[in-house]
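**Student:** Provided herewith is a single structure, encoded as structure tokens, for subsequent inquiry.
The values are calculated or read from the model by the stated rules, or taken from the named source; none is laboratory data. What you are looking at is a predicted structure, and each value in this text was computed from that prediction instead of being measured. Reconstructed Cβ throughout: ideal geometry from the backbone, glycine too, with neighbour counts over all protein chains shown. Just the protein is used for accessible areas: all its heavy atoms, side chains included, with ligands, DNA and RNA removed. Shrake-Rupley method; radii C 1.70, N 1.55, O 1.52, S 1.80 Å.
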Amino acid sequence: MPPVNAPYRPEGLLARPLYARVDAAAVAHNLARLRAALPATGAPRLWATVKADAYGHGLARVLPALRGADGLAVLHLDEARTCRRLGWKGPVLVYGGLYSPADTLLLDTPQLHLVITHLAQLHWLAQAPAAERPAVWLRFAGDIHHTGFSAEDYHAAFELARALAARGVVGEVGHLNHYARADEADGVDHADARFRALIDGLPGPVSTSNSAAVLGHAARAATTQWVRPGLALYGASPFADRGAAQLGLLPAMSLHSQVVGIQRVQAGAGVGYSGAFLAPTGMDVGIV
């Protein structure tokens, strides 16, 4: 595993002066900041979203900083396997669920959680029971309309999932929603009320809240068992009107290079194509 805070230099570019520095301590700080935003009593558990190789930071580099998370969330099953290979032994949520019947052969690790977005995925599980029973989370299409079940189809999917659980094919059946406008002050109220009405009376844990929802609508998490922040873990603000520093977040990545040339230019001289920059006075211009 790379040392903490080691510069990240892409393979084949070692001779170039450009590198990114990943600060795992900042990730640990941001995780603590997100936890602090949640209700003091009855706080939900937290999936740390590490899809796309931890948002490009390198999962191997930041995983030590995420040991305090309750679970990891990834997009694909191969990413879940990478988490296991790197030593993560806790729950892993797979947003992409299953893409084909063949994916059921990859369900060979304990504490795996699958997001289910269409009925075919449940039928694949029924036809080829996995070596390890995965928990399943039914995704409501909600107001984002990316993937998931419509309000009209949700209850039928739940009944099928519950039947599979009764047969021992899958584990617990949960309910998952993703808000389209959590970065807006009034962007969650209607969407959350609609979701809660849909699942009213249905047993099973509930998962909502990305980074914007955790930081901007934390009170909503009081009736949620799992939240799923991603962007804020790496020090980025999910809001257009508030920067990361205002939210108490630290940047987890910084880019570094070196000056490779210095030019002395006179006042009024143009620098770059079409003189995009005009020197207001005589000055030294560095090329990075």
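**Student:** As a test of reading the structure, rank Arg139, Arg220 by solvent-accessible area (1.4 Å probe, protein chains only), most first.
**Tutor:** Arg220, Arg139
**Student:** Follow-up question, since we're still on this one. Residue farthest toward the positive end of the dipole of the chain, with Cβ of Lys/Arg at +1 and Asp/Glu at -1: which of Leu164, Leu249, Val259?
**Tutor:** Final value for the positive-end residue is Val259.
**Student:** With every protein chain in place, what's the accessible area of Ile199 (1.4 Å probe, Å², nearest 10)?
**Tutor:** The accessible area of Ile199 comes to roughly 10 Å².
**Student:** Next question, about the same structure. For the chain, what's the relative contact order in percent, using C-alpha pairs closer than 8 Å and at least 6 residues apart?
**Tutor:** 19
**Student:** Could you list log10 I(q)/I(0) for the chain at q = 0.16 Å⁻¹, which the Debye formula gives when each Cα is one point scatterer?
**Tutor:** -1.24
**Student:** In addition: What accessible area, in Å² to the nearest ten, does a 1.4 Å probe give for Glu172?
**Tutor:** 120
**Student:** Using +1 at the Cβ of each Lys and Arg and -1 at the Cβ of each Asp and Glu in the range 144-288, identify which of Ala218, Met283, Pro229 lies farthest towards the dipole's positive end.
**Tutor:** Of Ala218, Met283, Pro229, it is Met283.
**Student:** Using only the alpha-carbon atoms of the range 135-288 as identical scatterers, what base-10 log of I(q)/I(0) does the Debye formula give at q = 0.08, 0.10, 0.12, 0.13 Å⁻¹?
**Tutor:** With one equal scatterer per Cα and no solvent, log10 I(q)/I(0) is -0.43, -0.56, -0.66, -0.72.
**Student:** Keeping the other protein chains in place, figure out the carbon and sulfur percent of the accessible area of the chain, with a 1.4 Å probe.
**Tutor:** 55
**Student:** Another one. Where the centroid of each part is defined by its Cα atoms, how far is the range 106-131 from the range 30-75 in Å?
**Tutor:** 24
**Student:** How far, in degrees from 0 to 90, does helix 151-166 lean away from the longest principal axis of the Cα atoms of the chain, to the nearest 10?
**Tutor:** Between helix and principal axis, roughly 70 degrees.
**Student:** Follow-up question, since we're still on this one. Probe of 1.4 angstrom, ligands and nucleic acids ignored: what's the accessible area per residue over the chain, in square angstrom?
**Tutor:** About 48 Å² of surface per residue is accessible.
**Student:** Determine, for each peptide in 267-276, 29-38, 239-248, the mean count of other beta carbons within 10 angstrom over its residues, then list the peptides with the highest first.
**Tutor:** Ranked from most to least packed, the peptides come out as 29-38, 239-248, 267-276.
**Student:** Suppose accessible area is computed on protein heavy atoms with a 1.4 Å probe; arrange Ile144, Ile262 from highest to lowest.
**Tutor:** From most accessible down to least: Ile262, Ile144.
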